[in-house]
There are 2 protein chains.
Amino acid sequence: MADIFLALLHHPVVDRHQRIVTSSITSLDIHDLARSSCTFGVRAFFIVHPVAEQREFAATVIDHWRFDFGRSFDSRRREALDLVQIVADLDAAVAAAEHLSGSRPTIAYTSARNTGGLSFAELRRWIEQPETRPLLILLGTGFGLAPEVLDRCDLVMEPIRGAGDYNHLSVRAAGAIILDRLRGR
Amino acid sequence: MADIFLALLHHPVVDRHQRIVTSSITSLDIHDLARSSCTFGVRAFFIVHPVAEQREFAATVIDHWRFDFGRSFDSRRREALDLVQIVADLDAAVAAAEHLSGSRPTIAYTSARNTGGLSFAELRRWIEQPETRPLLILLGTGFGLAPEVLDRCDLVMEPIRGAGDYNHLSVRAAGAIILDRLRGR
């Protein structure tokens, strides 16, 4: 079975006017996506931010739960946060995934705005094959990944569809659902 | 197809020592679960809190996005937040669901700690039947719903399982996955 990696990008992403921006790191994103990653067997979860001070903030959030207060309050969080790696850009995430898995990952994304794309059922069957390369799933903060990131992806997953036309999920909810569709039982 | 309702309980829930406590309302819970509710066609999403000041806080979070700044910033949030109803206890949520749907809802929960339970596939088939009563899904904050709430439930859903034994999802992630398993496409 192929390794799955998750990366949460804070740059380059778009705002509501489709302008390229850098978003701030949110501590709840780290916690929620780390716990979902741990539940669904993700190999590593990358927090991607170009600004050193923001990466340091993410590190303090994680250390709070790794040591002292957090560790005694809820040891299950620590296990999830051990999956987190904080990196400066997508190249660093790809390199780290390749280092862990031994082969270059296929980079994938889904978007509420796209049409078509590989179905989650097909992708699930594909990554369950023994020889499949690792999969690196990109999640965008703000109003989504910038076009230059989408251009780097090897694979587009179908959008998550619900009961009607509305599909504006939070990145925390979308990440959880994607992992459940690929690895849930 | 049966109506689905969601209720997020802040009391009675348990802390890490299984003591009965009342948790605080978190604005991101409201946003994430409202957007997931809207995506998966939930009829109403109940925020349940016994303390009036906490209910007022929830109302201000919602009004911020319904009017003024929030409305112009992201109109898609408003649509989701229109599904939110703030109530004092589970009885009020059950009564409101019955008022909206015309029949008393079946009350259901899932827990990482339980074993067995109705599978999501079976429950999905059941609620797709034309004559099925509405379904009210309870979500617990803190470390989960108190035993007295579980005793009131008519139906236990199987736990959400991932790749291994770890399944400590956030309430935002668990809610999203439950709705996707019941209504996702």
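The values are calculated or read from the model by the stated rules, or taken from the named source; none is laboratory data. Worth saying up front: this structure is predicted, and the values here are computed from it rather than measured. FYI the Cβ positions are ideal-geometry reconstructions off the backbone, even for glycines, and counts take in every protein chain you see. Heavy atoms of the whole protein, side chains included, go into the accessibility calculation; ligands, DNA and RNA do not. Shrake-Rupley method; radii C 1.70, N 1.55, O 1.52, S 1.80 Å.
The sole residue among A:SER103, A:SER36, A:SER27, A:SER75 that is hydroxyl-bearing (Ser, Thr, Tyr) and under 12 Å from the mean Cα position of the chain (by Cα) is A:SER36. Only one of the numbered conditions (1) more than 13 Å from every other protein chain (Cβ to nearest Cβ); (2) open to solvent by 60 Å² or more (accessible area, probe 1.4 Å); (3) under 30 Å from B:MET1 (Cα atoms); (4) not hydroxyl-bearing (Ser, Thr, Tyr) is violated by A:GLY117, and that is (2). Sub-6 Å Cβ pairs linking a first residue in segment B:158-177 that is facing chain A (nearest Cβ under 7 Å) to a second residue that is at pLDDT below 95 and part of a helix (DSSP H, G or I), at least 6 apart or interchain, are B:HIS168/A:ARG76, ordered by first then second residue. Filtering segment A:101-114 to residues that are open to solvent by 70 Å² or more (accessible area, probe 1.4 Å) and over 21 Å from A:VAL13 (Cα atoms) leaves only A:ARG104. When the test is whether a residue is of a type in the set (A, V, I, L, M, F, W, C), open to solvent by less than 20 Å² (accessible area, probe 1.4 Å), out of contact with any Pro (no Cβ under 8 Å at 6 or more places or on another chain) and at negative phi, A:ALA58 passes it.
Give the number of residues within segment B:17-42 that are more than 30 Å from A:THR141 (Cβ to Cβ) and in contact (Cβ under 8 Å) with a residue 40 or more places away in the chain.
Step one: list which residues in segment B:17-42 are more than 30 Å from A:THR141 (Cβ to Cβ), which gives B:17-22.
Subsequent filtering for residues that are in contact (Cβ under 8 Å) with a residue 40 or more places away in the chain retains B:18, B:20-21.
Count: 3.
B:GLN129 passes every criterion in (1) of a type in the set (S, T, N, Q); (2) within 30 Å of B:ASP63 (Cα to Cα); (3) open to solvent by 70 Å² or more (accessible area, probe 1.4 Å) apart from (2). State all residues of segment B:50-85 that are at pLDDT 95 or above and within 27 Å of B:THR132 (Cβ to Cβ); if no residue qualifies, say none. B:LEU83, B:VAL84, B:GLN85 - these are the residues of segment B:50-85 that are at pLDDT 95 or above and within 27 Å of B:THR132 (Cβ to Cβ).
Just to be sure before I move on: is A:GLU98 at pLDDT 90 or above, open to solvent by 30 Å² or more (accessible area, probe 1.4 Å) and farther than 27 Å from B:ASP32 by Cα in the structure I sent? Reasoning before the result, please.
Details: at pLDDT 90 or above: yes; open to solvent by 30 Å² or more (accessible area, probe 1.4 Å): yes; farther than 27 Å from B:ASP32 by Cα: yes.
Yes, satisfied.
For segment B:16-38, what are the residues that are open to solvent by 30 Å² or more (accessible area, probe 1.4 Å) and either hydroxyl-bearing (Ser, Thr, Tyr) or farther than 20 Å from B:GLY184 by Cα (or both)? Hits for segment B:16-38 are B:ARG16, B:HIS17, B:GLN18, B:ARG19, B:ILE20, B:VAL21, B:THR22, B:SER24, B:THR26, B:SER27, B:LEU28. If I ask for residues that are within 13 Å of chain A (Cβ to nearest Cβ) and either among the aromatic types (Phe, Trp, Tyr) or open to solvent by less than 10 Å² (accessible area, probe 1.4 Å) (or both), which ones from segment B:140-149 would you list? If the condition is that a residue be within 13 Å of chain A (Cβ to nearest Cβ) and either among the aromatic types (Phe, Trp, Tyr) or open to solvent by less than 10 Å² (accessible area, probe 1.4 Å) (or both), then B:PHE143 is the only one that fits.
Select, from A:ARG124, A:ARG152, the only residue that is open to solvent by 20 Å² or more (accessible area, probe 1.4 Å), touching a helix residue (DSSP H, G or I) at 6+ places or on another chain (Cβ under 6 Å) and more than 10 Å from chain B (Cβ to nearest Cβ). Reasoning before the result, please.
Working: A:ARG152 fails: touching a helix residue (DSSP H, G or I) at 6+ places or on another chain (Cβ under 6 Å).
The conditions single out A:ARG124.
Inspect all residues belonging to segment B:67-80 and state whether any of them is in contact with a Gly (Cβ under 6 Å, 6 or more places away or on another chain) and open to solvent by 40 Å² or more (accessible area, probe 1.4 Å). Checked against the condition, which is being in contact with a Gly (Cβ under 6 Å, 6 or more places away or on another chain) and open to solvent by 40 Å² or more (accessible area, probe 1.4 Å), segment B:67-80 yields no hits at all.
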